[in-house]
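Comments concern the structure below.
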Amino acid sequence: MALPLGLIRKTPAAATGTPTTPAAAPRLPSQGHTQDDDEGNIPPPPAMPNGTYLCRVKNIYHPINKETGLWEKWDDGSRKQSKVFFIIDDPDEQRKATAGKENCYGADLDIKLDFGSFYNQTLGYLTALGCPQIGWPKNEKGKTNNIMLGEHIMAQTKGKKFAVTVKPEAGKGDKKTTLYKNVKKVAPHTPPKAPPKAAAPIATQQDPDDAAAEESTGADPDTSTTTNAEGDGIPF
C-alpha cells in the first residue's frame, strides 16, 4: 500500500555518503570592474601635505598662443589669466630630500592674476610680493598690461623668499589623477636675525691707590716669575 506523500520519510544526504563542500562563490567585480581592469588604472596623484612652504618666484606665464601670437581665451570668450609660478625652496624640505625622505623640494606652485572675480585677492597676493598697485608701471596711456606687470613682479621679487600656504587635494571625475595644490595665502618672509655678537671685554683703568701701592713695594709690573718643579725662580 503506498503511503500518502506527507508521510514519506526523506533520507538525509549524510546517510548516502560523504557530505560535499559547497563550491566557492565566484569573485564579484570590485565597484563594477574586474581585477584585470584595476591593474590598468592610473594611480592617484602623490599626496602633498597641507602647510606653508618657503618659495621663490620662478617665472610668469602668459597664455599667448605661440603660433598666432594672440592671447588665448576660454570657451566663453573671456581671456585666460597669467600665472605667477613659485618653486619650493624650503630648507626643511631640502633636508628631507637629502635624507631620502618624502619631500616637496623643487615642486611648483602657482597663483592666477585674475582681475575679474578675484580682483581683491589678486591685489592682496601682489602686495605680499612687494608689488602693490600704486607702484605698477604704466604705458603712455596710463595703463598697465600683463606683460609689463609680469616684468615688474620678476624685478621686485628677485632674490626674495615668500611663505606660501597651500591646501592640496585630488580632482574629481576625469580629473581624479590631478593634484590641485590650491594656494591659500602668500606672505612676505623675513629671515631670522643672526644673534648679536658677544661684546669685547672692556679694559678697566687701574685704581690710583693700587698703582701707588706697587711703587711703594718696588715691584716691577712688567716682570713676573714662576717656579719650576725644583723650586727655581725663572723669569719670563
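The values are calculated or read from the model by the stated rules, or taken from the named source; none is laboratory data. Please read all numbers here as calculations on a predicted model, not as lab measurements. Don't worry about glycine lacking a Cβ; one is built from the backbone with ideal geometry, like all the others, and counts go over all protein chains shown.
For the reader, a short list of remarks on this structure follows.
- Filtered residues of the stretch 55-70 (kept if over 31 Å from the mean Cα position of the chain (by Cα) and either among the hydroxyl-bearing types (Ser, Thr, Tyr) or part of a strand (DSSP E or B) (or both)): 68
- Qualifying residue in the stretch 83-94 (condition: under 14 Å from residue 183 (Cβ atoms), more than 18 Å from the chain's Cα centre (by Cα), of a type in the set (A, V, I, L, M, F, W, C) and modelled with pLDDT of 95 or more): no
- If you go through the stretch 103-148 and pick out every residue that is of a type in the set (D, E, K, R) and surrounded by 12 or more Cβ atoms within 10 Å (Cβ to Cβ), you end up with 4.
- Tally of residues being touching a Phe, Trp or Tyr at 6+ places or on another chain (Cβ under 6 Å) and closer than 15 Å to residue 47 by Cα across the stretch 84-107: 1
- If the condition is being of a type outside the set (Ser, Thr, Tyr) and part of a loop (DSSP other than H, G, I, E, B), then the stretch 133-154 contributes 136, 137, 138, 139, 140, 141, 142, 143, 145.
- Some residue of the stretch 99-122 being assigned to a helix (DSSP H, G or I) and closer than 12 Å to residue 55 by Cβ: no
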